[in-house]
Amino acid sequence: MQLSKQDLQERADKVYDTIIVGGGAGGLSAGIYLQRYLLDSLIIDKGKARSFWMQELHNYLGLPPDTQGRTLLKHGKDHYLSLGGDLLNGYVEEVVDKGDIFEVKVKIGRQNSTYSIFRAKYLIAASGIIDNLPFVDDMQNVYEYAGYNLHVCLICDGYEMADKRVGVFGRNERSLEVAFSLGWFTPYITLFTQDMFEVSSQFRDRLWEHEYELVEKPISKFVGENHQMTGVQLMDGSVIKLDAGLVSMGSQFHSGYLSRLNLQTQGENLVTDFSCRTSHPRIFAIGDLKLGLNQVVVAAADGAIAATGIWRDIRRERGVKRRLDVDSVVLAG
Ligand SMILES: Cc1cc2nc3c(=O)[nH]c(=O)nc-3n(C[C@H](O)[C@H](O)[C@H](O)COP(=O)(O)OP(=O)(O)OC[C@H]3O[C@@H](n4cnc5c(N)ncnc54)[C@H](O)[C@@H]3O)c2cc1C
């Protein structure tokens, strides 16, 4: 059920089989599988998943290509709740390993916040990442286009940019490398440094060979209407026309609550084995937070894999006891 403040005390006394941090594509998928394995799960989600900003999900089998991320999340949440899973809107601040259980400290409510501790045997970290966006004085101007034709993911939206004039916005020379992969889709590429970093002569030579433009002046704003960006205006007032943009400015990882657990990472991504298990045997990581492809289909599949791994562990630990209990009830009846 969707938990409210009134339910908290009762739930705080319980030990869940699994707590899932994050109710995006990965977390909801894991929750659905766990509930269908007749395990108790709690999803804690602060909201505004990365998939929430996805205006159109073009590449997911079986869904119309104009499906919005928020539609996917709503269906996922309804499905999970219909299976009896618990869902709490809250922010996980810390996870403490107490040996055979985890204590998960949650801040509830932005104003007049309260704190609760929930307990579980297993933890799934499904809290994702969020993209850094180009900086202009009025950030509302960026939000107007981000996720529409100001893209953040080449794999998701390279197809949408085919043969278009695309601006690539980076935060260092390395992040601009994405332009060469974008070249698969379109040759009309302009790279923007936003006056934030220097570009080496070797990199300039490569741009010249590919006939890509380089703009090093700062941007004052994006121009366009109805969420369709048509170019950028520079600080000197000049306008560069574009049909789309690709932001490659890195991301913030939502993993602060795990900091005391010393999990193995590569860069900021959590490292997992084939079953999405981290270097801690009872912590699984799924979706964008773990090493791999940042895609909805991968996050959903990770959720299934992690939940199945946890079910297998619990089954081995408990044997067939749960099923025997149910059978004896049925026989007695
Ligand atoms: C604009 C845009 C377009 C995209 N287009 C596509 C596309 O077309 N196709 C595609 O496959 N992928 C696309 N993606 C990528 C896709 O959205 C992600 O790969 C996917 O959402 C990852 O799912 P996730 O469950 O790992 O993370 P998320 O969906 O980000 O969910 C993580 C959840 O955890 C919550 N959370 C974080 N920290 C905490 C905390 N401490 N406590 C509680 N909750 C927390 C977050 O608020 C969020 O709700 C797009 C992404 C963006 C931004």
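Any read-out appearing in this document is the output of simple, stated calculations on the displayed coordinates, not a laboratory observation. All values reported here derive from a predicted model rather than from experimental measurement. When we count neighbours, we look across all protein chains shown, and the Cβ atoms used for this are built from the backbone with ideal geometry, even at glycine.
Candidates Ile240, Ala120, Ala306 compared by Cα position along the dipole of the chain: farthest toward the positive end lies Ala120, with charges placed on Cβ. The Rg/Rh ratio of the chain, with both radii computed over alpha carbons and Rh defined as the Kirkwood radius, is 1.05. Database remark: amide H of Thr265 closer than 5 angstrom to the amide H of Val271 (H placed geometrically; neighbours at sequence offset of 5 or more, or on other chains; Pro and chain starts carry no H). Computed about the Cα centre, the dipole magnitude for region 1-124 is approximately 280 debye when only Lys and Arg (+1) and Asp and Glu (-1) carry charge, each at its Cβ. Its Cα centre serving as origin, region 1-63 has a Cβ charge dipole (Lys and Arg +1, Asp and Glu -1) of approximately 180 debye. A simple spin-label model places pseudo-atoms 7 Å from Cα toward Cβ; at Ala162 and Gln264 they are separated by 4.0 nm. Under a 5 Å amide H to amide H cut-off, with H placed in plane at 1.01 Å, what residues pair with Gly292 once short-range neighbours are removed? When sequence neighbours closer than 5 places are left aside, there are no close amide H contacts.
Using θ = phi - 60° in the Karplus curve 6.51 cos²θ - 1.76 cosθ + 1.60, the 3J(HN,Hα) couplings for region 300-313 round to 5, 5, 4, x, 5, 5, 5, 4, 5, x, 5, 4, 4, 4 Hz; x is entered for Gly and Pro. Projecting the Cα atoms of Val296, Leu258, Cys156 onto the charge dipole of the chain, computed from C-beta unit charges around the Cα centre, puts Leu258 farthest toward the positive end.
Close amide H partners of Phe284, meaning residues 5 or more places away or on another chain with modelled amide H under 5 Å apart, are Leu123, Ile124, Ala125, Thr278. The distance linking region 35-75 with region 208-260 is 27 Å (Cα centroid to Cα centroid, whole angstrom).
Peptides 121-127, 296-302, 94-100 ranked from most to least packed give 121-127, 296-302, 94-100, packing being the mean of other C-beta atoms within 10 angstrom over each peptide's residues.
Report summary: the helix-based calculation at 222 nm, which adds -39500 (n - 2.57) for every DSSP H run with n ≥ 4 and divides by the residues of the chain, gives -8000 deg cm²/dmol. Within the chain, Cys276 have no other Cys Cβ under 4.7 Å of their Cβ and so lack a disulfide-compatible partner by this rule. Taking each of Lys77/Lys98; Lys46/Lys74; Lys5/Lys105; Lys5/Lys46; Lys48/Lys217; Lys241/Lys290 in turn, the alpha-carbon distance tops 26 angstrom for Lys77/Lys98; Lys48/Lys217; Lys241/Lys290. Taken along the Cα-to-beta-carbon direction at a fixed 7 Å, the label points for Ile155 and Val15 span 3.7 nm.
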